[in-house]
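Taken together, the values in this text are just the output of simple stated rules run on the coordinates, not laboratory data. Since this is a predicted model, take the numbers as computed values, not measurements. Note that we place each Cβ from the backbone using ideal geometry, even for glycine, and neighbour counts take in every protein chain shown.
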């Protein structure tokens, strides 16, 4: 009487459960207006599991050949904040408020940068 092994090994897969975030300009190429605030919007999209909240810091800076300055935004300074995407959601929106004015000036560029993602 003897015993043999029919299947000697089995394979398991460790799935990546990390979250990844990306930002895209969704409505961010428009006129500033002569007064009041105009929202320029950026969408942050999450890939990976959505079982918990994820938050990410964001900040605006001037960019390009004619960079925007803090005075171009509501409050007179470059905006910054934290966006939280709730559990179960795959995206969130950052609204950057540009301050209208009557100054004669060229088109101005700005960049929204995300950093410091925190899961949970």
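Reducing segment 71-120 and segment 17-35 to their Cα centroids gives an inter-centroid distance of 7 Å.
Length available on full extension from residue 101 to residue 35: 0.36 nm per residue minus the Cα-Cα distance, which gives 23.2 nm. Take the Cα coordinates of the chain, assign each an equal point scatterer, and use the Debye formula without solvent to give log10 I(q)/I(0) at q = 0.10, 0.14 Å⁻¹. Calculated log10 I(q)/I(0) at the listed q: -0.43, -0.67.
On full extension, the segment bounded by residue 118 and residue 5 gains 36.0 nm, given 0.36 nm per residue less the C-alpha separation.
Here residue 17 and residue 108 are evaluated by their C-beta separation; at R0 = 41 Å the FRET efficiency comes out at 0.50. Computed on the chain, with alpha-carbon pairs under 8 angstrom and 6+ residues apart, the relative contact order is 32 percent. Using a cutoff of 8 angstrom between alpha carbon atoms and counting only pairs six or more residues apart, the relative contact order for segment 4-70 works out to 30 percent. Site pair residue 63 and residue 51 shows an inter-label distance of 3.4 nm when each label is modelled 7 Å from Cα along Cα→Cβ.
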